[in-house]
Amino acid sequence: LDGVFNCDPHPGNVLLLADGRLGLIDYGMVGRLGTPERESVARVVLGLAAGDRAAVVGEYSRSGYRACWHSGEAHGLMDLH
């Protein structure tokens with residue numbers, strides 16, 4: 001995998017081919033993830049699959065995301081319980 005992805009993956013852009021494979025169309029909007037970003041996404045997916053909220057929150061935090069309530073008050077690992 002080279003990190004290129006379709007930025008518009010709605011059902012109209014995904015076809016089921018006769019042999020069972022998926023066909024992706026309309027690459028008018030694409031993005032590219034470098035190796036560090038792909039590894040980060042993989043860690044998030046693994047954390048989600050394992051139900052490990054702390055791992056997901058930690059990865060988001062390391063990636064620079066900041067979660068907050070509507071009030072603007074920050075929250076994170078301490079709010080998982």
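The values are calculated or read from the model by the stated rules, or taken from the named source; none is laboratory data. Because the structure is predicted, anything quoted here is derived from the model rather than measured. Virtual Cβ from ideal backbone geometry, glycine too; neighbours counted across all protein chains shown. Areas reflect the complete protein model, heavy atoms only, side chains present, ligands, DNA and RNA absent. Shrake-Rupley method; radii C 1.70, N 1.55, O 1.52, S 1.80 Å.
Points worth noting:
- Over all other residues within a Cβ to Cβ distance under 12 Å of Val14, the charged ones net out to -1, with Lys and Arg as +1 and Asp and Glu as -1.
- Of Val56, Val41, the order by accessible heavy-atom surface (1.4 Å probe, DNA, RNA and ligands excluded), from most exposed downward, is Val41, Val56.
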